[in-house]
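Okay, here's the structure, questions in a sec.
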Amino acid sequence: MENRALERPTGLAGTWGECIAEFLGTMVLILFGDGCVASFGLFTGIDPVPFAKEWVIIVIGWGLAVMLGIYVAGAISGAHINPAVTLAFAARGKFPWSKVIPYIVAQVLGAFVAAAILYFVYKGAIDNAIVHAAAGKKNVADAVGYVFYTSPKPFVGTFGAFGDEFVGTALLTGLIFALVDARNQPVQANLNPFIIGLLIMAIGASFGLNTGYAINPARDFGPRLWLAIVSGGASLTAYTWIPIVAPLLGGVVGAFIYDFTIGKVIEARHLHGAQEIEARGEAVREISPSTETHGRSVREP
């Protein structure tokens, strides 16, 4: 009887457990990611913390945040921790559509809770920033909204902002699929999260300053939703849709670009030149059907 009880499946072994992993992975992502933005923004000009004034703290901080979030959830849910990644996997037919909404809800909730935690942890610094804010910017969203969500520079128009988020997310998903494709040259052992963290750093260094590079709808909307509660809705602006729609579209496009370029080349070489490739000692591996179906973003068996 005890053995049967132990063998009985529970919700934690299925989608419910995966959603918990996505929730916690995204929460860790935002705690470290928006936490580094708080260090960058709320303490700029306050001595003796000169390092907080450098953009590099954002680039490094977000790269490490993504890496840690992936390590938290990778073995359970695949650590998408990003609706754009989840949608891209589903669009490729490598992730069940029935799990897309539960994953996205878990990701947004994780980001929302993380923003609430950061708000109370940094309440003193936030109040200080509001006190010293310029006239007309005393609302918490106007004074410190940049800590929690993204926004474009004044000289970056709608097209530029949309394009920045679209291209950044396309690069993110396309390169993630290149990194985890076992037919290509996948990262060995459990180093995928580290390499994907470096990818985030590269995107931040190259495409970060136009908008703050959300490249993740949950990363932007979850914290924005929390700040809407404490700011009377001031965080919900005309820009809100861009870091949601542009990453979702860019993620799918990046996925299909990989599938119909490098993916097709690898498939052709594997099917018609496998013996020649093996003779040259190239690292080409076949992905198991079970792995393809599950759509893990950070690890392959």
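Every number here is computed from the coordinates shown, using simple stated rules; none is lab data. Keep in mind that this is a model prediction, so the values were computed, not measured. Because the Cβ atoms are built from the backbone with ideal geometry, glycine has one as well, and the counts that use them run over all protein chains shown.
Between GLN185 and SER206, how high is the FRET efficiency from 1/(1 + (r/R0)^6) when r is the Cβ-Cβ distance and R₀ = 25 Å? Nearest 0.05.
0.65
Testing the spin-label approximation: label points 7 Å from Cα along Cα→Cβ at TYR239 and ALA134. State their distance in nm.
The two pseudo-label positions are separated by 1.4 nm.
Would you mind counting up the charge near ARG224? Only other residues with Cβ under 15 Å from its Cβ, with Lys and Arg at +1 and Asp and Glu at -1.
Once all neighbours under 15 Å are counted, the net charge is -3.
Another question, if that's okay. What net charge do the residues around ALA234 carry, taking every other residue with its C-beta under 12 Å from that of ALA234, with Lys and Arg at +1 and Asp and Glu at -1?
So the surrounding residues net to +2.
In the neighborhood of THR26, defined by Cβ-to-Cβ distances under 13 Å, what is the net charge if each Lys or Arg adds +1 and each Asp or Glu adds -1?
Net local charge, THR26 excluded: -3.
Charges on Cβ only, +1 for Lys and Arg, -1 for Asp and Glu, centred on the Cα centroid of the stretch 2-294; of TYR149, LEU236, ALA38, which one is farthest towards the dipole's positive end?
The residue sitting farthest along the positive end of the dipole is LEU236.
Averaging sequence separations of C-alpha pairs under 8 Å and six or more residues apart, then dividing by the length of the stretch 27-186, give the relative contact order as a whole percent.
Once divided by the residue count of the stretch 27-186, the mean separation gives 24 percent.
Still on this structure, I have one more. Between LYS123 and HIS270, what is 0.36 nm times their sequence separation minus the Cα-Cα distance? Round to one decimal in nm.
Between LYS123 and HIS270, full extension yields an extra 47.3 nm.
Which ordering of THR173, THR211 is given by a fewest-first count of other beta-carbon atoms within 10 Å?
THR211, THR173
Something else now. Sequence gap at least 6, Cα distance under 8 Å: using those rules, report the relative contact order of the stretch 2-294 to the nearest whole percent.
The normalised contact order for the stretch 2-294 reaches 25 percent.
Run the simple label-point estimate for LEU198 and VAL56 please: 7 Å along Cα→C-beta, distance reported in nm.
Once both label points are built, they end up 1.8 nm from each other.
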